[in-house]
Amino acid sequence: MRSLSSYPANSGTSKCKQKEDEAIDLHLFSQFLITGIIMGVLYCLMSMGINFIYGIMKVINWSMGEFFMIGAFTQYILLTFLLGADYWYVGVILSALVVFILGALVQRILIKPMFVGIIEAKMEYATIVTISMAIFLRNIAVAIGGPKIYTPPDYAGPTQILTLPLSGNRLVAFIGALILLGLFYYFIKKSWTGRAFQGVAQNRSGVQTAGVNVLKYDMLAFGIGTALAGAGGALLAPIFLVHPLCGLVPTVRGFEIIVIAGLGSIPGILVAGLSLGIAESLGSAFISPSFVDIYGFILLVIILSIKPYGLFGKPEREV
Amino acid sequence: MKIFRCKKISFIFIILIGLIFMIGGIAPSIAGAAEKKPVKIGQMSPFSTPGDPAAGKRMRWGAELAIKYINEEMGGVLGGRPVELIVEDDSGTPADGIAGYRKLVQKDGVVAVVGQYHSSVCIAVTKVANDLGVPLFSSGASSPKITESQSPYIFSIMSLTPSRAQFWVDFAKQMGWKRVAVVAEDTDYGTGFKTWVEKHGKEAGMEVKSIIFPRTISDLTPMLLEIKAWKPELMINLGVGASAYLMVKQAYDIGLFPKVPMLASFAWPIRPEYWDAVGDKGKGILYTSYYKPGMLTTFLGEWMSPRYKKLHNEDPTFYALNVFGEIIVIAQAINMAQTDDPKAIAEALVKWPYLDWSGVVDFKEPQGMKWHNVSPPHLVLQQTKVRQEFKDSKLVWPPKFGGDGKIE
Amino acid sequence: MKIFNLKNIGLLVLLIVAVFLPVVISDYWRFVLTIAFFYTIMAASWNLLGGYTGQFSLGHHTFAMIGAYTSTLLMQKAGAPFWVSIPAGILLTMIISSLLGVMCLRIHGIYLALITWAFAEVVRNYFRLHYAFTGGDRGIDSPLIFGTMKPTPYYYLFLGIAVLAIVLIAVIMRSKIGYYLRSIRDDPIAARSMGVDIVRYKIFVFMVASGLAGMAGVFYGHSIGLISPVMGDFNEMAMIIIFVVIGGMRTQAGPIVGAISVRYLMELLRAQSEFRIVILTAIVILIMRFFNGGLMELFRRLKKWIRRDREGPVSAYQELEQKQG
């Protein structure tokens, strides 16, 4: 452990110098690293949804954080009033389902016109509509949910991972996120529907000529993407608490991750998510925990100045 | 035309916009001259993002009760004129605050404005208040810069940052703690306390370590790990809302709290939502308060608290009580001034002492930050049981109110 | 083109009305209009960027914030006078915007939105967290340019710079550069093959628009008397988009009509402040979905409906469209 004498009495002005003097010992370092990995995987879930929607429809859904919030609220309502804490996994599935239906409806009503020929500037249309929707949903939640903060009941006791004492909920969320990511990967790579999705992502018109109803797949993709966010919200509800702004941080991280990874790349998301989580943790440990929101952006800027399309991204074909 | 598909919908929607405009233009002219013209009091608080709507809503609940009290129990002001509340939103944005204050004063003709919450908005609005001469009450903004402006129209009934920081340092000194950690959010509230606890702590010979975190944070583990490695003897939790609860929960998970006592910066551990959020993990938290039910409140506070609890299913927060008290103080000042002229009311506020929910309010005009500032006494209390009621909390400090200086 | 046609006379009348309006309205409405003029500049310059050129920047509000903070900090910390700090603020936003432009304008459109958004978040977080220098969340006192809080002089100041900005944008859009910019938005590859230096014009327009935003921000700070990191909040960007979309994207009058009418609507809806933003965003979604074109499109249809014989285009873009087709 750090010795007391390495701390001067005044921590105000000499903070920088003090930081250089102290050596962070292995125990603390490992704790930071584990926190980083766990958070990284949790952020991946969010990012995967944004990325999947982009891959299929070539639009960015800026209201992802609000679907996350809706997932969290649904989980809260389910666990508190209907199911009870023991059936939290049922709650996660149901919340994801609710968000899936909502997302598919939103796509059907608002996003679909983009692809049936009445919208000129697609990127612009999608950006404006989803940004407006984000702010719309957030303020509705403020008006309905009121000033209160909600929390579903705990379902797992404290545990320990290697050197880090940890809340059981967080471990559950971590494992749940890994399982969801694994299932998603399996679904995309192995199932027939998943392969059709891959086709749509690669060449929309080509797949259409092969007899795939692209519009139907768009709706499914939007639903699945938002459902991933909703499941994330449900899993993280007891950890991040449930309030109208609870989707904000996960969205920010989600966007950082997809830019670092490169749009449309699935393995890139995992790499980028983990490196973001670790960068945040190590930045907190070595520089200052206050700037935790900025480390991800610094990583992003570094990556983009080396690889303008992200780690795994490819230049968009513009014809 | 390419896009003009759903003619009906778009036309209905255009008519709707037109209607909104028209109603908005006509409505004020209909409100007419009644026999006993109501006296208007304004409340301007954040009700929408980027402000903090949670704070604004609770203050509004307090203000509504105050209006009810004046009209039903006091029989109005100035011999029977009713009081009316006009609510404005400042969105936590200085420009919106200035516009809202101008609207309240110049369009609605209010005699005083209460409910300022964000320091940035309050400082900006104070400058306009100087010009327009309508008293402005800071109900939740604790920056000493607000009262240091020494405007004749700024009033505040709350403890400013430096005096509360001094109170915490005195408390820590009394308990024999030498190493104090401060974990604060990046708002003016957090950074102000960080600065002043560091300053007063240093004067008292303590070591203070402070960490600032972003307000929207959801994972405080890195900060808390660093604090844990530093081995503090007291940790001051300067979060507001979700981050405050998250800090308790995550500090418990990594084994920091309750080994190290944690002091909450105001009385949020009495809210039911706190216990929902942290469960058993929140037991033993210390918190700062200005009153404890059954003591230190006047009959006004006794009237308000049960009604608030009945209406909104939680104990009144300090800010709600404060706005309630301020409006009643204004009503008393209107009666003393014998007029609804704002300038005369501002003079009357300074001239005589008044009664609010916690005691006597007497605005003085010394140099510096205590200008027009009345600070209620502070207490440190502890939640010794899960879901403990406010009235059952253990009084820890100071001894003059019966605190025994022991924590469980 | 005749100078004294109906349109120009109409514009002149509007300007005269705007000049004499403060005589008949209260201080409160003067202040509201001053803020509306600020947003007019923001919306018009963003329309130049996001509407005409198709560069969907989500960091436009940040440039106003950088301008405001630069000027104020120069005055507060270095004691610079107004005539140094104001140009310095505008210049710095232009430098930063061109650097950002060089970094991200070469790549695909969606990345621009993501990167400018990330940039905005970094800047806002910086101003919040470095509170010892910037005043943090409490904000920093900005010296008042006319030394008073009375809104009348600021009304004329903002009216002046708004007219200046609108004229500048109109001149750019009517010049050769304007046609280049539209061609870049519609078909970058064709534009490039026709010999238009895409990157150069993109950076040029990015710099102009951000410079205008910076200018608006600088004066905004010096007329409010206090600036805080709220200026950099994403809500501000959303408001700019709301103004432009409700007014009519890719029209010259759209952002002006949008900013002023929506600010007016927001003042009327003060009593329902919780639902203000909800209503506005719902309108935006409906406009985008069913009625692409906003208020200006509505005016155009009305005009067309009243005078069936003569159909006047609202924007140079539509003029071009009509000539072509």
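Laboratory data are not the source of any read-out in this text; all were calculated from the coordinates shown. Nothing here was measured: the structure is a model prediction, and the numbers come from that model. We place every Cβ from the backbone using ideal geometry, glycine too, and count neighbours over all the protein chains shown.
I'd like the chymotrypsin sites (Phe, Trp or Tyr not before Pro) in segment A:24-72 restricted to DSSP loop residues with at most 16 other Cβ atoms within 10 Å, sorted by number.
Hits after loop and neighbour filter: nothing returned.
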The simple spin-label model distance between A:F29 and A:K122, using points 7 Å out along Cα→Cβ, in nm, is 4.9
GNM of chain B, Cα pairs under 10 angstrom: of B:V180, B:V386, B:V83, the biggest fluctuation goes to B:V386
Taking Cα atoms, the helix A:88-106 axis meets the longest principal axis of chain A at an angle in degrees (rounded to 10) of 50
Restricting to aspartates and glutamates and to Cα separations under 16 Å from B:K68, and discarding same-chain partners fewer than 8 apart, the set is B:E84, B:E302, B:E326, B:D356
Only helices counted: for chain C, with every DSSP H run of 4 or more residues adding -39500 (n - 2.57) and the sum spread over all residues, [θ] at 222 nm is -25000 deg cm²/dmol
Contact order relative to length for segment C:149-287, counting C-alpha pairs under 8 Å separated by 6 or more residues, stands in percent at 16
Sorted largest first, the Cα spans of segment B:231-356 on the principal axes come out in Å as 60, 32, 25
Taking N as the number of residues in segment A:46-107, the ratio of its alpha carbon radius of gyration to 2.2 N^0.38 Å works out to 1.23
Highest GNM mean-square fluctuation among A:L241, A:L28, A:L178, for chain A with Cα springs under 10 Å, belongs to A:L28
For segment B:101-191 the mean separation of alpha carbon contacts under 8 Å (6+ apart) over residue count, i.e. relative contact order in percent, is 23
Taking every DSSP bridge whose two residues both lie in chain B, the antiparallel percent to the nearest 5 is 25
When C:Y69, A:Y186, C:Y52 are ranked with the fewest other C-beta atoms within 10 Å first, the list becomes A:Y186, C:Y52, C:Y69
Scattering profile of chain A from the Debye formula, Cα beads only, expressed as log10 I(q)/I(0) at q = 0.07, 0.09, 0.11, 0.13 Å⁻¹, is -0.31, -0.50, -0.73, -0.98
By the Cα gyration tensor axes a ≥ b ≥ c (a/c under 1.5 gives rounded; else a/b larger than b/c gives prolate, otherwise oblate), the shape of segment C:209-272 is oblate
Ranked by GNM mean-square fluctuation in chain C (Cα springs under 10 Å), the top entry among C:S26, C:S57, C:S71 is C:S26
Of the convex hull drawn through the C-alpha atoms of segment A:150-293, the volume per residue in Å³ is 140
At q = 0.16, 0.17, 0.23 1/Å the base-10 log of I(q)/I(0) from the Debye formula over the alpha-carbon atoms of segment C:188-237 is -0.63, -0.66, -0.87
Quick calc, B:K343 & C:V102: beta-carbon distance into FRET formula, R0 45 Å, rounding 0.05, result 0.20
In whole µm²/s, the translational diffusion coefficient that Stokes-Einstein assigns to segment C:1-122, given a Kirkwood hydrodynamic radius over C-alpha pairs, 10 °C and 1.306 mPa s, equals 92
Expressed in angstrom and ordered largest first, the alpha-carbon extents of segment C:176-298 along the principal axes are 55, 39, 21
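When the Cα atoms of chain C are enclosed in a convex hull and the volume is divided per residue, what value in Å³ results?
Looking at chain C, the number lands at 154 Å³ per residue.
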Bounding extents of segment B:114-270 in its principal axis frame from Cα atoms, largest first in Å, are 54, 33, 24
Restricting to Cα pairs under 8 Å and 6 or more apart, the percent relative contact order of chain C works out to 28
Compactness check, segment A:154-233: C-alpha Rg relative to the 2.2 N^0.38 Å globular estimate gives 1.53
Ordering B:51-64, B:272-285, C:160-173 by per-residue average of other C-beta atoms within 10 angstrom, highest first, gives B:51-64, B:272-285, C:160-173
Helix A:292-306 sits off the longest principal axis of the Cα atoms of chain A, rounded to the nearest 10 on a 0 to 90 degree scale, by 60
Chain B -> Rg/Rh from Cα coords, Kirkwood Rh, value 1.02
Counting lysine pairs in chain C that sit 8 or more positions apart or on different chains, with Cα atoms under 28 Å apart, gives 14
Any trypsin sites (Lys or Arg not before Pro) in segment A:174-207 that lie in a DSSP loop and have at most 15 other Cβ atoms within 10 Å would be none
Percent antiparallel among DSSP beta bridges confined to the protein assembly as shown, nearest 5, equals 35
Expressed to two decimals, segment C:131-178 has a Cα Rg over Rh, using the Kirkwood radius, of 1.24
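Go through B:K209/B:K400; A:K148/B:K249; B:K281/B:K394 and tell me which ones have a Cα-Cα distance over 20 Å in this structure.
Values: B:K209/B:K400 30 Å; A:K148/B:K249 17 Å; B:K281/B:K394 18 Å.
Beyond 20 Å: B:K209/B:K400.
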Using the Kirkwood radius over Cα pairs of segment A:107-178, the Stokes-Einstein translational diffusion coefficient at 25 °C and 0.890 mPa s, in µm²/s and rounded to a whole number, is 149
So the angle from the long Cα axis of helix B:299-312 to the longest Cα principal axis of chain B, reported in degrees to the nearest 10, equals 80
For the protein assembly as shown, one quarter of the surface area of the C-alpha convex hull, expressed in nm², comes to 42.0
